[in-house]
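**Q** One structure is given below, represented as structure tokens, and several questions about it will come after.
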Amino acid sequence: MKNLKDKNHIGQRIRLARLSRGWTQEDLAESIKKTRPMISHIERTGSVTYDTLEKIAKGLGIDLSDLQNVSSEQILSPTSMESPEWKSLVRENELLAELVENQRVRILYLEAELKRFKTGL
């Protein structure tokens with residue numbers, strides 16, 4: 001399994017292919033007779049059996065080899081980036097980046113306070 005920070009891991013490519021078709025996780029799950037939580041897990045982790053990957057590729061109308069080898073940029077269509085779900089993911093990403101930055105600032109503050117406390121003893 002590829003590093004989860006890699007935007008091209010198989011789960012991300014599945015998500016982008018799904019979004020480019022305007023599908024929800026539920027839509028994909030129904031098309032391959034799996035559950036929505038399973039699709040969510042696959043997209044988050046990139047962990048998927050070969051059999052399920054074949055079903056996903058077929059359900060999305062993509063050749064399996066294309067899904068395995070294509071980059072995220074090749075999957076996205078311009079219209080998929082206008083979908084409400086895509087916009088929601090972008091906003092979620094922005095909020096998570098802001099949260100990480102706030103936590104980084106908080107850690108720096110606490111480190112400075114700890115250093116002051118230690119030197120004051």
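**Q** Residues to consider are Leu110, Leu89; find the one that is aliphatic (A, V, I, L, M) and farther than 20 Å from Trp23 by Cβ.
**A** Within the list Leu110, Leu89, the selection yields Leu110.
**Q** Out of Leu114, Leu89, Leu96, report the one residue that is assigned to a helix (DSSP H, G or I), surrounded by 10 or more Cβ atoms within 10 Å (Cβ to Cβ) and modelled with pLDDT of 90 or more.
**A** Just a single option satisfies the conditions, and that option is Leu114.
**Q** Take the residues of segment 44-60 that are without any contact (Cβ under 8 Å) to a residue 40 or more places away in the chain and assigned to a loop (DSSP other than H, G, I, E, B): which is nearest to Arg15 (Cα to Cα)?
**A** Restricting to residues being without any contact (Cβ under 8 Å) to a residue 40 or more places away in the chain and assigned to a loop (DSSP other than H, G, I, E, B), the top hit is Val48.
**Q** Among residues belonging to segment 19-43 that are at pLDDT below 90 and outside any loop (DSSP other than H, G, I, E, B), point out the one that is nearest to Trp86 (Cα to Cα).
**A** Leu19
The values are calculated or read from the model by the stated rules, or taken from the named source; none is laboratory data. The model shown is predicted, which means the values in this text are computed figures rather than measured ones. Here the Cβ is made from the backbone with ideal geometry for all residues, glycine too, and neighbour counts use every protein chain on show.
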